[in-house]
1. Does the range 49-91 hold any residues that are closer than 30 Å to H105 by Cβ, assigned to a helix (DSSP H, G or I) and of a type in the set (D, E), and which are they?
2. For the subset of the range 91-105 comprising residues that are within 14 Å of the chain's Cα centre (by Cα) and open to solvent by less than 70 Å² (accessible area, probe 1.4 Å), which member is nearest to S119 (Cα to Cα)?
3. So which residues in the range 42-61 are among the aliphatic types (A, V, I, L, M), at pLDDT 85 or above and surrounded by fewer than 16 Cβ atoms within 10 Å (Cβ to Cβ)?
4. Being of a type in the set (A, V, I, L, M) and part of a strand (DSSP E or B) is the filter here, so list the residues in the range 92-135 that pass it.
5. Is one or more of the residues making up the range 69-90 open to solvent by less than 40 Å² (accessible area, probe 1.4 Å), in contact with a Leu (Cβ under 7 Å, 6 or more places away or on another chain), of a type in the set (A, V, I, L, M, F, W, C) and in contact (Cβ under 8 Å) with a residue 24 or more places away in the chain?
6. So, in the range 126-145, how many residues would count as being out of contact with any helix residue (DSSP H, G or I) (no Cβ under 9 Å at 6 or more places or on another chain) and surrounded by 14 or more Cβ atoms within 10 Å (Cβ to Cβ)?
Amino acid sequence: MSAPIPNNSPGPDLRVYKAPKRERWLQLRKECVTSTEMAPVAGIPKYGNTSWSIYQEKRGDLEDTCDPNERSEVGSIIEHGIAKLVSQRLGARVIRLRDFMVRGHVGASFDYHIQDPQSEYDGWLVEIKNVDYMIYRDQWSEDIH
């Protein structure tokens, strides 16, 4: 059974910002609702964010308090190893994706993508989420209700 083919056609309304520097990336994030913010906007708060706090951040009335820390630094380093493992498991070339994409008022910067014409997964996005055991045990739930 082969994997379904995603519709990755960019369309005329997709804006792609090629590898923006951190300051530009932060500015772009303020101008739209990001993929990271979708869960709180839908009523599933994570990391202290709620639809109200995101609204206030977008208005400029509340400062974004997401500062890098030791956990996020370690997560960024580990992410590269996970991508390498995905590449080996799929037998496909997995490439870091540094672009920020915006369609309408929704934006996202994805972690990696598969760039391998020989693979059935060519063109797929790879988003990596990792969390240490104690945070998973104490703060995460597979039940979103």
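1. Within the range 49-91, E57, E79 meet the criteria.
2. Step by step, filter the range 91-105, then rank; the result is L97.
3. A42 - this is the single residue of the range 42-61 that is among the aliphatic types (A, V, I, L, M), at pLDDT 85 or above and surrounded by fewer than 16 Cβ atoms within 10 Å (Cβ to Cβ).
4. Those that are of a type in the set (A, V, I, L, M) and part of a strand (DSSP E or B): V94, I95, M101, V102, V106, A108, I114, L125, V126.
5. No: the range 69-90 contains no residue that is open to solvent by less than 40 Å² (accessible area, probe 1.4 Å), in contact with a Leu (Cβ under 7 Å, 6 or more places away or on another chain), of a type in the set (A, V, I, L, M, F, W, C) and in contact (Cβ under 8 Å) with a residue 24 or more places away in the chain.
6. So the answer is 0.
The values are calculated or read from the model by the stated rules, or taken from the named source; none is laboratory data. Everything numeric in this text was worked out from a predicted model, so none of it was measured. Please note: Cβ atoms are built from the backbone with ideal geometry, for glycine as well, and neighbour counts cover all protein chains shown. Surface accessibility is based on the protein's heavy atoms, side chains included, excluding ligands, DNA and RNA. Shrake-Rupley method; radii C 1.70, N 1.55, O 1.52, S 1.80 Å.
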